[in-house]
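The values are calculated or read from the model by the stated rules, or taken from the named source; none is laboratory data. Given the structure is predicted, the values throughout are model-derived calculations rather than measurements. All Cβ positions, even for glycine, are placed from backbone atoms using ideal geometry, and neighbour counts span all protein chains on display. To get the accessible areas, we keep the full protein, side chains included, count just its heavy atoms, and leave off ligands, DNA and RNA. Shrake-Rupley method; radii C 1.70, N 1.55, O 1.52, S 1.80 Å.
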Amino acid sequence: MRLSTTDIYAFQALGFLGTQPPGRWVGSDTISEATGVARPYLVRILAQLTAKGIIVSKKGAGGGYALVREAHLINLRDVMRAIDGPVAPLSCVSLNWHVPCVEEARCHARSAVWERVRDALLTALSEVSVADLAADFEQGVTYSPCLGHLLRPNA
């Protein structure tokens, strides 16, 4: 798994939405201003999160975006799957997008490494919620510095 700019921006937007009282609809302009994420990019991220059931949207006057459930009930495993799809390092060990491999039954690396990496990652992501992102947001923590630390392919 490799974090992307989209992941970081999604965390920032969800952290902000997690600070809002239940039932409050927040427009994309407000989210963009609060998080520093450019509105055109933010709207695409919000559409992904809406399509995957992480947030809901309401059009028209008084509309906007809101979390679909309380912040502590939305974990980062579901957020990462909504943004990136499979979290597993290889499709042969994916729980939801499994593609069999001809070497699956004999492959020692599959059980010794890749399944363990998948399980550890899913466990860690499951233990962190949008409420944790909201606590960061309320404390003034920004994930903007993370953007400079993203690993680049072949770096």
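One table, with the values for the structure above:
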| quantity | calculated |
| --- | --- |
| Test: residue in the stretch 84-104 that is aromatic (F, W, Y) and surrounded by 16 or more Cβ atoms within 10 Å (Cβ to Cβ) | no |
| Long-range neighbours under 8 Å by Cβ, at least six apart or interchain, first residue over 27 Å from R110 (Cβ atoms) and in contact (Cβ under 8 Å) with a residue 12 or more places away in the chain within the stretch 67-94, second open to solvent by less than 20 Å² (accessible area, probe 1.4 Å) and of a type in the set (S, T, Y) | A71/S129; H72/S129; L73/S129; I74/S129 |
| Residues that are closer than 14 Å to I74 by Cα and open to solvent by 40 Å² or more (accessible area, probe 1.4 Å), drawn from the stretch 37-56 | T50, K52, V56 |
| Wholly enclosed helices (runs of 4 or more DSSP H) of the stretch 1-94 bearing at least 3 residues within 21 Å of H149 (Cα to Cα) | 5-18, 39-51, 76-84 |
| From the options S91, S111, S57, residue that is at pLDDT 95 or above and among the polar types (S, T, N, Q) | S57 |
| Cross-chain or 6+ apart pairs with Cβ under 7 Å, the stretch 24-36 first and open to solvent by 70 Å² or more (accessible area, probe 1.4 Å), then assigned to a loop (DSSP other than H, G, I, E, B) | W25/G62; W25/G63 |
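Each row is one residue, and each column tells you yes or no for (1) loosely packed, with under 10 Cβ neighbours inside 10 Å; (2) free of Cβ contacts under 8 Å to residues at least 12 places away in the same chain; (3) out of contact with any strand residue (DSSP E or B) (no Cβ under 9 Å at 6 or more places or on another chain).
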site	(1), (2), (3)
R106	yes, yes, yes
R110	no, no, yes
D119	no, yes, yes
V128	no, no, no
A131	no, no, yes
Q139	yes, yes, yes
C146	no, no, yes
H149	yes, yes, yes
R152	yes, yes, yes
